[in-house]
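The values are calculated or read from the model by the stated rules, or taken from the named source; none is laboratory data. All values derive from a computational prediction rather than experimental measurement. Methodologically, a virtual Cβ is constructed for each residue, glycine included, from the backbone with ideal geometry; neighbour enumeration extends over all protein chains shown.
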Amino acid sequence: MKLQHALCRILSLAAIASLATCSRAELGLPRIHVQSTSPDGSQLAFVRNHPTIDPPAQSLWLRGADGAATQLRRLVGDMDWCHTIVWSADGTRVAFLVQDARLLIADAPTRRIVLEKWLVDPPGGYPPHLIVRDLTLSEDGREATYRLCPRRDPGPCGGIRSLDLEAVRAATAG
């Protein structure tokens, strides 16, 4: 019994020591990576970090006025990340920018992802060699504007691009 107790103590200390060597990202910290409140303040979109030995491991969430949070999507571990969340001015749509190149649009009232589109065409490897900057949604969330910039080269970004999200949805639905 004493030997079993000593072995448990040693294993516990080893587990604590291994946790001490983990990075904050591996421990899933900070728990909420990025968040954005809707224009009227009634909803919160956020990215949650999850513990993993090979970060990032994130999921996209939407919390309504009722306080209930809905997970919209679990991102692919060690490949996908999200640092950017943008709302439409009317608060009906929220955009998550994944890998700084892929747009996910969620309908806030239904709490469902209604569109997924690479804004970098073609994606061109991992991570994409071009990234999206200055992402905005129109008043009603039916249009997105953005600029494409080189990921590694601090050179100039391209001009402002516009994307009709409703046309993209119609094209991918049919």
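Hey, any hits in segment 67-89 for a residue that's farther than 26 Å from THR172 by Cβ, of a type in the set (D, E, K, R) and free of Cβ contacts under 8 Å to residues at least 24 places away in the same chain?
The answer is no; no qualifying residue exists.
Can you name the number of the only condition in (1) in contact with a Phe, Trp or Tyr (Cβ under 8 Å, 6 or more places away or on another chain); (2) not in a strand (DSSP E or B) that ARG169 fails?
Looking at each condition in turn, ARG169 falls short on (1).
For the structure I just gave you, tell me whether ASP121 is at pLDDT below 95 and of a type in the set (D, E, K, R).
Yes.
Whether any residue in segment 18-28 is part of a strand (DSSP E or B) and modelled with pLDDT under 95 is what I want to check.
no
Identify all residues within segment 40-81 that are surrounded by 21 or more Cβ atoms within 10 Å (Cβ to Cβ), part of a strand (DSSP E or B) and over 9 Å from the mean Cα position of the chain (by Cα); write none if there are none.
Matches in segment 40-81: ALA45, ASN49, LEU62.
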